[in-house]
Structures are given as C-alpha cells and as structure tokens.
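Notes to accompany the following structure.
The values are calculated or read from the model by the stated rules, or taken from the named source; none is laboratory data. Everything quoted here is computed from the prediction, not taken from an experiment. Every residue, glycine as well, gets a Cβ built from its backbone with ideal geometry; the counts of neighbours run over all protein chains shown. The protein model used for the area step is the full one, side chains on, heavy atoms only, and it has no ligands, DNA or RNA in it. Shrake-Rupley method; radii C 1.70, N 1.55, O 1.52, S 1.80 Å.
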Amino acid sequence: MNSNSLRYLLQFITLRHLRKQKLRAALSMIGVVTGVAAFIFSPSLLTAINASLRLTIDDLAGNTQIEVRSAEAGFDADLLDTVRAAAGVGSSAPVSQSGGMLLGEQELLIFFGIDPQVDREFRTYSVAQGEFLSGAGGVLLTETYAQEKGIQLGDEIGLVSAGGFRQFTVVGTLADDDGIGRMNGGDVLVI
C-alpha cells in the first residue's frame, strides 16, 4: 500500500466516523474552540475587569487612604473631629451614601451626600453646566439624567428616600463620563 492510498483510506474512515458521530464531533469541536478562546482571551478579560474595578473604586473613594464606616446607619458627627485629630490624618471628608427616587420617577438613584468645602480634595466632580455645590439645598445631577428627565438648572426637584421627602434646587450637572458621574450608570445625585 502506498502513502496516497493510506491517506485516502484514513480520510474515508475519519469522514465516515464523523458522519455517524455528528453530535460527538460537534461537541469536541466546540470544546477545542472554547478552550483555545479561553486561553487566548483570559488575560485580556482579566485586565479589563481589573481596570473597571479600579475605575469604580477611584470614582467612589477618590484618593482616600482610609475609610471609616459604621455597622449601623451612620455615626455621630463628633467622630469626624476624632478622625481629624488622629495622628497621620491630613484631612478628612464625611460622605453619606443612600438611595431613593426623584418624585414622580421610578428609577432608583444613588444619593451621595458630601461636604462641598472639602470633598473635591478626594473625589473628581466634572461639572458640565452650572456650578459645584456651595451649601445646603443644592443638588448636582448627571447631564444625561437631567436631559432624560427634562430637568434644567434652577429647577426644584423633590427627592424621596428612607429619610422622607425633601426639596432641592439643581445647581449644576456632572459629566457622566468622569468621576462620580459614572456611578450607577449616571443615576446619581450629589447633595
């Protein structure tokens, strides 16, 4: 038997076997393709996931080095003075995170309560329109959320949360491609 005959015989046997075992052949092929794809794309996927997590942490925590949390809902305001007086603490900023809704809307929003006098030292707020918070009663929305809901600078909005109902004035909008504006798909309010 010459080499050409042997080759044709092997091809015939292989093709005949594949025709009889279509499901097994297809599953084997899928397994090989999946294995190769996982081997090739796993490092890229891991890099993308790590970059996404780092971006989220940077948006939320900013350049903070330590975070003080309470097991209950919040803690006494005097604790902030204790933290500021601790050795090695250069500056500190209180943050309150909660959630709720804009009156008349159904989407849940993240409410991000800050001290506007010091918080910009730690987190990025890219104001697209209007101005940054200067005191109580003002709120920042993301540009996209404000456009979707038809909210303009200077509008009064009502917010509903576990703490009840409160009115705020929209003083500015945040770019939703940078800093805090990226959180929760842009469904965030800074108070």
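Taking each residue as 0.36 nm, the span from Ala25 to Phe41 lengthens on full extension beyond its C-alpha to C-alpha distance by 3.4 nm. Using a probe of 1.4 Å, the accessible surface attributed to Val127 totals some 50 Å² when neighbouring protein chains are kept in position. Rolled with a 1.4 Å probe across the full set of protein chains, the surface gives Glu105 an accessible area near 60 Å². Residues Thr34, Thr169 ordered from highest to lowest accessible area at a 1.4 Å probe: Thr34, Thr169. Under a 5 Å amide H cut-off, with hydrogens placed 1.01 Å from N, Glu105 pairs with nothing among residues at least 5 apart or on other chains. A 1.4 Å probe run over the range 86-191, with the rest of the protein chains in place, finds 50 Å² accessible per residue. Shown is the FRET efficiency for Glu156 and Ser96, computed with R0 = 22 Å from the Cβ-Cβ distance and rounded to the nearest 0.05: 0.55. In sequence order, the range 134-145 has phi-based couplings of 10, x, 5, x, x, 9, 10, 10, 7, 4, 5, 4 Hz under the Karplus curve 6.51 cos²θ - 1.76 cosθ + 1.60, θ = phi - 60°, and Gly or Pro positions carry x.
With both labels modelled 7 Å from their Cα along Cα-to-Cβ, the Leu80 to Ser3 distance reads 8.4 nm. For Ile110, nonlocal amide neighbours, meaning residues 5 or more places apart or on other chains whose placed amide H falls under 5 Å from its own, are Val188, Leu189.
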